[in-house]
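The values are calculated or read from the model by the stated rules, or taken from the named source; none is laboratory data. Treat the numbers as computed from the prediction; the structure is a model and nothing was measured. Because the Cβ atoms are built from the backbone with ideal geometry, glycine has one as well, and the counts that use them run over all protein chains shown.
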Amino acid sequence: MLAVRRISAVGHRPSPLQQLRTRGAGYHDYVRVETPSGHIRVPLSSPKVIGIANDRGDRSHQEDFYSFAALSLDPKELQRSVKKHFGIEWDSTKVSDLLARQVMFVGIYDGHGGSMVSQYLRQELHGLFESSKASDIPELYDWIRSLGGYFKRFRGGVLAPWIAEPPTEDPLDLETRATLTFFEVDRNLSSEEATQTCGATASVALLHSLDAPATPFFSAKRLALTVAHCGDTRVMLCPVKGGKACPMTENHHADARVESIRLRRMMGSSIITDSYGESRWMGALTNTRCLGDLRYKKFGVTPEPEVRTKLLNGEEWAYMVLVSDGVSSVLSDDEITDLARGSPDPRTAAKKILDFSQELGGEDNATVIVVPLAGWGKNEGTDETKELREYRRIQAIGSERQRRM
């Protein structure tokens with residue numbers, strides 16, 4: 001199981017980077033699967049359950065990290081989420097309480113300015129996600145407003161019903177829980193001087209089976225997907241038929257439509273184009289949503305995630321892929337999903353994607369996570385990007401030869 005350290009109450013209070021939540025953790029590094037003879041445990045570290053490949057590239061240090069866990073969440077929250085986003089009345093009583101609570105969590109984190117924030121996310125985000133409570137929201141909102149600048153105008157977004165007087169008594173839903181948790185990360189990090197200029201982008205995918213009898217995410221026929229996203233890590237789905245990638249995230253760059261509208265409405269224009277032609281907010285940041293980078297928060301950089309949901313007929317989807325920008329800056333979504341085709345297991349698929357991105361000259365930290373769904377191994381249609389990839393491979397080989405001459 002994932003280890004949980006207990007912090008002694010004796011002596012000085014440890015910093016947020018040294019302490020872990022002491023609330024009872026229910027998360028595990030395995031998923032429970034129901035069988036006629038009872039529950040069995042399937043380890044998430046198995047290459048057939050989750051495939052992971054990462055490399056630091058030509059960098060001297062690693063700032064990419066990831067985490068995965070099976071969370072235990074209140075079925076009332078899950079019911080509310082399913083009703084809110086899909087209009088479905090899910091009856092949690094049709095499965096055992098343990099399986100009704102089970103939600104698969106997969107996160108990918110890309111640090112910048114150091115690895116402190118991305119390492120914190122690797123260690124803590126899944127536990128924070130599970131343990132955050134609605135009663136935390138009013139105090140957290142006061143802290144958010146204290147950041148000043150942009151956040152003086154912040155009205156809480158999806159947190160607003162729990163800030164109102166009187167506050168709602170409704171349970172949280174996954175969108176609200178994700179927003180609460182991402183803001184909690186920033187508050188927890190705020191006492192660390194290094195996090196003023198150190199940050200991380202993050203994408204988190206939550207998979208909740210709606211089947212009865214209960215099934216795990218990799219064989220679920222009906223699966224609720226929620227993606228909470230800040231920055232330019234990416235999440236995409238590959239369908240069984242056709243294979244064209246279905247993106248679940250949009251890069252939060254300063255010149256992206258949604259972000260430029262948000263920032264100009266609240267802060268005016270502070271987009272500066274650097275010598276490489278890249279747009280940067282305040283002349284410094286590529287991403288306008290991230291965790292950490294606290295010195296820029298009052299200027300509109302927010303940890304508030306963009307949340308997207310999708311109800312999946314599991315047998316129509318082959319796999320989900322999460323990548324850091326060390327991969328997505330080199331490969332298109334369609335190239336990424338095509339590269340995973342025909343792989344014997346998710347780990348091999350992840351390695352194929354990583355290896356090809358590096359073959360094309362990727363030098364950044366790079367991470368790939370492949371999550372199989374019920375349609376794994378059943379891809380139909382042709383590999384549409386095969387010829388393009390071969391052309392790019394030849395070009396990369398030629399460029400490398402010229403560089404060495």
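Tell me the residue from Leu172, Leu159 that is farther than 21 Å from Gly199 by Cα and not in a helix (DSSP H, G or I), please.
Leu172
Say whether the condition of being crowded, with 21+ Cβ neighbours inside 10 Å, within 18 Å of the chain's Cα centre (by Cα) and closer than 26 Å to Glu175 by Cβ is met by at least one residue in segment 72-79.
yes
Out of the residues in segment 327-373 that are part of a loop (DSSP other than H, G, I, E, B) and charged (D, E, K, R), which is nearest to Met104 (Cα to Cα)?
Top of the filtered list is Asp345.
Conditions (1) assigned to a helix (DSSP H, G or I); (2) crowded, with 19+ Cβ neighbours inside 10 Å, marked per residue:
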| position | (1), (2) |
| --- | --- |
| Lys83 | yes, no |
| Trp90 | no, yes |
| Leu98 | yes, no |
| Val103 | no, yes |
| Val106 | no, yes |
| Gln119 | yes, no |
| Glu124 | yes, yes |
| Glu139 | yes, no |
| Arg145 | yes, no |
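Conditions first: (1) without any contact (Cβ under 8 Å) to a residue 60 or more places away in the chain; (2) closer than 25 Å to Pro171 by Cβ. Ser60 passes all but one, so which condition is the exception?
Ser60 satisfies every listed condition except (2).
Name every residue in segment 193-233 that is of a type in the set (Asp, Glu) and either buried (at least 24 other Cβ atoms within 10 Å of the Cβ) or assigned to a loop (DSSP other than H, G, I, E, B) (or both), in order of residue number.
Asp211, Asp232
How many of the residues making up segment 352-394 are touching a strand residue (DSSP E or B) at 6+ places or on another chain (Cβ under 6 Å) and of a type in the set (A, V, I, L, M, F, W, C)?
9
Hey, can you tell me all the residues within segment 374-405 that are in a loop (DSSP other than H, G, I, E, B), modelled with pLDDT of 95 or more and closer than 17 Å to Asp355 by Cβ?
Scanning segment 374-405 gives a single hit, Thr385.
If Gly362 satisfies all but one of (1) modelled with pLDDT under 90; (2) over 28 Å from the mean Cα position of the chain (by Cα), what's the number of the condition it fails?
(2)
Does segment 295-312 hold any residues that are at pLDDT 95 or above and over 17 Å from the mean Cα position of the chain (by Cα), and which are they?
Leu311, Leu312
Could you tell me whether any residue of segment 252-269 is charged (D, E, K, R), in a loop (DSSP other than H, G, I, E, B) and either modelled with pLDDT of 95 or more or surrounded by fewer than 18 Cβ atoms within 10 Å (Cβ to Cβ) (or both)?
yes
Among the residues that make up segment 327-341, is at least one of them over 18 Å from Thr201 (Cβ atoms), at pLDDT 95 or above and of a type in the set (A, V, I, L, M, F, W, C)?
yes
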